[in-house]
Every structure is written in C-alpha cells, then in structure tokens.
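Below is one structure, written out as structure tokens; the observations come after it.
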Amino acid sequence: MTKLSVIVPFYNLAGLVPETLRSIRAAASGNVEFVLIDDCSTDATPELLDEGARSIDNCRVLHNERNLGLAATRNLGIDSTDTGYLTFLDGDDFVTFDYYARLLTTIERLGCEMVRTDHVQVRGRRRAIHRIPHGPRGQVCVPRQAILPVGRATSVDAPHAWAGIYSRRLADRGLLHFDPTLRTCEDRPWIWRLHLAAETFAVVGLSGLFYRREVAGSLTQQSTARQFDFIRAFDQIIAEVSADREAERLMPKALRAYCAIICHHLKRTEKAEASAGELSGFSYDAKLAKQLRLLCIAALDRLPATELRSVLSTMDEERQHRITELLEAA
C-alpha cells in the first residue's frame, strides 16, 4: 500500500539527473511513490526522466507543457497524489537508501501532522550537517510555540520544504500549497503558515537528505530581479502575522527575520566583499543593486514603525547600521 508521495521537480538538470535517480531507485519501496515533474526543460532532462523512471518501482513522470516555476510545479505534484503523507525533493539533491522508510516510520510513530528533519549540505566534496534549530528532539509540540524566541534561530527560520514529511490533512486544509507567483523564497511564507496553523509537529535528527549548494543554474545562484521576490514573500508573512491572534507576541520575530534577509541581500550588492569570499554565490550588478535598495527602503516604510524600532535595538551593530541607513533614506 502506497503511503508516501515524494514530489520531485526538475528543470534543466541533465548533468545531475542520473545521480538523483540512482538515489531514488535505491530508496524505492512499495509504500513510497515518486512523482517526477519536468518543468518544461530545454536540455535532455525530459528524456533522462522518462528513461530512468522505467527502472524505478512506483514512479511516474509528469511533463509541464510550459515552464511554471518551482512553486507551481510542487503544487501540481501535491494535487496529483492522494497518499496519506507527502514530502519533496529537489531535482539536484539526493537521499540515502533508507531515508523515506525512516521518515514514514517516524511520523506514523509520533502521530503528528508534520516532522521536520536535519539535512546534509554538499559543497563539492565537503559535507556538513545542518540541524533544524529546535530543542526537544522526537517530541510532539505545538508549532506556533516553536516560533520564538525573537533573538535566536528557531524552526521557522529553517524553511526548506524537503526537510520533513507532512500529513495529507495539511494539504486538505490548504496549508501545503505554495504561492505560484513567487519565483524564489516561496518556502518562507509557507513555513510560517505551517507554524501558525498546523496543530502538531516534531523535529528529529534524521539527516539522510543531501542538499547541493552552489549548483550552476539553480535559483539560488541567479543574480536576477527574481531574487527580489523575497520582499513579496516577507510582506505575506507580515500580513499573516498581523492577522494572527498572537500578533503582538509574534510580530517582533517576523520583523527581525525580514530585516535579516534584507541585510543578507544588501550584502550581495557589495562586490568587494563577495569577491573576497565572505559570500558564496552571486552578487548583484550596479543596476540591480540600485533597484534592490529602493525596494528595501519601500519595504521598511510599510512596516509598523514603533515595533520596527524596538526590534532594531536588539540586532547586531552591522544590521542596525544597514537598516537605519535605509530608514533615514526613506
């Protein structure tokens, strides 16, 4: 009986498809199905998926007629399944042979709506475990209670959709779908929504998923205006928290996270620092840097001023300086 659906979007990943499929083939079992979705690739990805899927048990391939983007493609995968549990895998990542069996066993044993997991980041030959920042391991908790404290990373700051397993009940309540208009950062409002609306979750130290960093062509490596979607993503978070019954308690956390990601992107405008190795990945060119600065000024101007000033006082000196300079330019 198939219990878990693994949704795997691909776009122009011909060089990595074989390794991803090898890991999927090794992890295949009767109670896990794999839904591979080609998002209208222009390289050999579609043919590789069709050929590779033939040798994987309980695996099917869907082909988008036009490029929809990661969020909409994941939504398509969600809507094409009816299993009791769902999870995600990016087309350039891979898993250990027992990962999905262990995921399924864990959520069935705990009986909660979602389980978040650690993962292994891969940079070339380097490997590093990245943990969900949450204290009680293997204990069922209320997600909204794990959003705070304000000044420390928590599970809401670990947005990767593939780092966990989710009950079908969450999809039925409209909590698992992503905003298809967001070209990047689609997982940020998604993880906040789950923490605000899901009833139960747990974090476990299961690190069988390998996340490739700095892959050429991946969305996180592209210095384009699509990166600015983080602003719309965090505007959504602010709007949801504002409407929440605990808005006063949770808003400082949302504001601090918004300021942190603004500072992260502003740092990418400083090519000297990026070239010196302080930042991996892309840096913005002069035109995009100017546009980003204006968008960040406008974003900060939309935020509640009193709460923002209060949160600003809790930040480190570098972030305080960056945000204050933008506020004064408004």
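The values are calculated or read from the model by the stated rules, or taken from the named source; none is laboratory data. Values in this document were obtained by computation on a predicted structure and should not be read as measured data. All Cβ positions, glycine included, derive from the backbone under ideal geometry; neighbour counts span all protein chains shown.
Numbers at a glance
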{"quantity": "Lone qualifier among Val6, Val32 - being among the aliphatic types (A, V, I, L, M), within 15 Å of Arg74 (Cβ to Cβ) and crowded, with 16+ Cβ neighbours inside 10 Å", "calculated": "Val6"}
{"quantity": "From the options Gly281, Gly277, residue that is over 19 Å from Val150 (Cα atoms), surrounded by fewer than 16 Cβ atoms within 10 Å (Cβ to Cβ), modelled with pLDDT under 95 and out of contact with any helix residue (DSSP H, G or I) (no Cβ under 7 Å at 6 or more places or on another chain)", "calculated": "Gly277"}
{"quantity": "The range 233-256 - residue that is surrounded by fewer than 17 Cβ atoms within 10 Å (Cβ to Cβ) and among the basic types (Lys, Arg) and, of those, farthest from Arg193 (Cα to Cα)", "calculated": "Arg249"}
{"quantity": "Candidates Val150, Val142, Val204, filtered to the one that is over 21 Å from Tyr99 (Cβ atoms) and surrounded by 14 or more Cβ atoms within 10 Å (Cβ to Cβ)", "calculated": "Val150"}
{"quantity": "When residues of the range 207-221 are limited to those that are surrounded by fewer than 15 Cβ atoms within 10 Å (Cβ to Cβ) and not charged (D, E, K, R), the one modelled with the highest pLDDT", "calculated": "Ala216"}
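Conditions tested, residue by residue: (1) at pLDDT 95 or above; (2) assigned to a strand (DSSP E or B); (3) within 22 Å of Leu175 (Cα to Cα); (4) not assigned by TED's automatic domain parsing to the domain that holds Ser23.
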residue	(1), (2), (3), (4)
Asp43	yes, no, no, no
Leu49	yes, no, no, no
Arg60	yes, yes, no, no
Leu76	yes, no, yes, no
Thr81	yes, no, yes, no
Ile107	yes, no, yes, no
Ala128	yes, yes, no, no
